[in-house]
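Q: One structure, pasted below without further comment.
What follows draws every value from the coordinates through simple rules; no lab data is involved. Please read all numbers here as calculations on a predicted model, not as lab measurements. Ideal geometry is used to build each Cβ from the backbone, glycine not excepted, and the neighbour counts take in all protein chains shown.
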Amino acid sequence: MSRYVSIELTTRSRAQLLAAIAALGLQPEFVEGELLMLEGSLECSGEPVELRFAPGEMGAIEDFGFVRGDDGRYQLVCGEVDRGLLERRLLGPLRQHLAVKLAVEVASELGLPVSVEGEARVIVRDKS
């Protein structure tokens, strides 16, 4: 099969990550306060993750998951063979969802009227 690779996200919030995953219609396996092991393969041992997805999810050949890195940001851990597929099918929409939520949050904190149209259009209006 392949070795596991890590792809960093910008979010440090598990709640935001779970909300984005749920918005994509996905349900990860997780046990609160514990790490789960990815299965591994002939070429590599398993990797610990907080949120795990079974092989076949999103079309992936191997299992994959998310874990918080040393810098506090979440990262996707997946097999090399699934990297391109998951970057397109999972990370693209996931990053888009997280960016929209961040834009809305920042505009709201600044007291700016904000609305979301569809899945990717955020409109921030001047206060006047």
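Q: Can you give the charge dipole size of the chain about its Cα centre, rounded to the nearest 20 debye, using +1 on the beta carbon of Lys and Arg and -1 on the beta carbon of Asp and Glu? Each step should come with its number before you reach the end.
A: Numbers: 14 positive and 21 negative charges, 126 e Å.
Here the chain has a charge dipole of around 600 debye.
Q: Using per-residue counts of other Cβ atoms within 10 Å, averaged over each peptide, order 103-116, 74-87, 47-60 from highest down.
A: So the peptides 103-116, 74-87, 47-60, ranked by packing, come out 74-87, 47-60, 103-116.
Q: Taking +1 at the Cβ of each Lys and Arg and -1 at the Cβ of each Asp and Glu, which of A103, A54, S13 sits farthest along the dipole of segment 4-124 towards its positive end, judged by Cα position relative to the Cα centre?
A: A103
Q: Among residues other than G40 whose Cβ falls under 10 Å from its Cβ, what is the net charge (Lys/Arg +1, Asp/Glu -1)?
A: Details: positive: R3; negative: E39, E43, E47, E62, D63.
My count for the surroundings of G40 gives -4.
Q: Hey, of (i) 23.3; (ii) 15.7; (iii) 15.3, which did the structure itself give for Kirkwood radius over Cα pairs in Å when calculated?
A: The value matching this structure is (ii).
Q: Mean residue ellipticity at 222 nm from the helices of the chain, using -39,500 (n - 2.57) per DSSP H segment of n ≥ 4 over the full residue count, to the nearest 500 deg cm²/dmol?
A: Numbers: 3 runs with 32 residues, N = 128.
Taken over the chain, the calculation gives -7500 deg cm²/dmol.
Q: Run the numbers for E87 and R3: contour at 0.36 nm per residue of separation, minus the present Cα-Cα distance, in nm.
A: Values: separation 84, 0.36 × 84 = 30.24 nm, distance 1.62 nm.
Full-extension gain reported as 28.6 nm.
Q: Let me ask another. If R0 is 25 Å, what FRET efficiency do you get for E32 and L112 from their C-beta distance, rounded to 0.05? Could you put the intermediate results ahead of the total?
A: Numbers: r = 36 Å, r/R0 = 1.43.
Between E32 and L112 the formula returns 0.10.
Q: Moving to a separate point now. Under 12 Å from the Cβ of L51, count the other residues' Cβ atoms, weight Lys and Arg +1, Asp and Glu -1, and hand me the total. Please report the intermediate quantities before stating the final value.
A: Details: positive: R14, R52, R68; negative: E29, E32, E34, E50, E57, D63.
Charge balance near L51 sits at -3.
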